[in-house]
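Everything on this sheet refers to the single structure shown next.
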Amino acid sequence: MARSSWAAAPAWSEAMVRTSRFIAAEDLGVASPWTFARVGATPEQAPVIRPEAVRDARSHGYAEGHADGVAEATARVRAEMQDAFDQSLAEHAARFAALFDAARIGLAQAQQDIARGSLEIACAIARQVLRRELAGGTQGLAEVAQEAVQLLLDDGRPGSLSLSRADHERFGVALQAQLAEQSVSVLVDASLSEGDCVLSSAANRVDASVSARWAHAVGSLGLDIPWDEEPAHAA
């Protein structure tokens, strides 16, 4: 039994010697690197989000959103207030312009009324002066007659000057003497009033009555005040 064991020993030793030799490179062929994975490695885990971080982020986002909303609302309110102010300013300007125009028109009308009233008063005074002058002597009537004669009788032809009965009685002789060189006869016309005179020739007739001269004078002023009536302002 022992002998058989020792007999097998040389064969085992020879096998060990053969297997422990280095292998030549030409005997290896193609080789590729082999990387061993870590045994028991854990997969990558998702980051842990802390509740306070979520709360802080939410508060920050709310604050930013609130600030943006306040700024937008403030800008919108300012724009609306500016529009309302501009509209109100335009309305007030239009009202002021209308009031100014109405005041200007009223002032112009008042000025016209005052001017017309002043003219009417002046005409009333002038009429009283004329009446006094006509009743005082022949000078005024003679000047009117001379002017009428120059207008009508430039060709030297004879004519006639008609006076009221009262004026002829008072001034007829004197006027006849002044107008003798112009070949003018002084006549009586019962239809005429005191101060009136009418100059006639063969071809023309000049109405130099007081009422006609008065109407021409006040008509040039834009008034219509009869000679024989008192104006309202002279009452």
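Every read-out reported here was derived from the displayed coordinates using simple, explicitly stated rules and does not represent laboratory data. This is a predicted model, so every value here is computed, not measured. As a convention, Cβ positions derive from the backbone with ideal geometry for all residues, glycine included, and neighbour counts pool all protein chains shown.
At 0.36 nm per residue, and after removing the present C-alpha to C-alpha distance, how many nm does the segment from F96 to L221 gain when stretched out fully? Kindly include the intermediate steps, with their values, before the conclusion.
On the way: separation 125, 0.36 × 125 = 45.00 nm, distance 3.54 nm.
My answer for the length gained is 41.5 nm.
Output the peptides 183-193, 59-69 sorted from most to least packed, where packing is the average of other Cβ atoms within 10 Å over each peptide's residues.
Working: 183-193: 15.5, 59-69: 10.0.
Ranked by mean Cβ neighbours within 10 Å, highest first: 183-193, 59-69.
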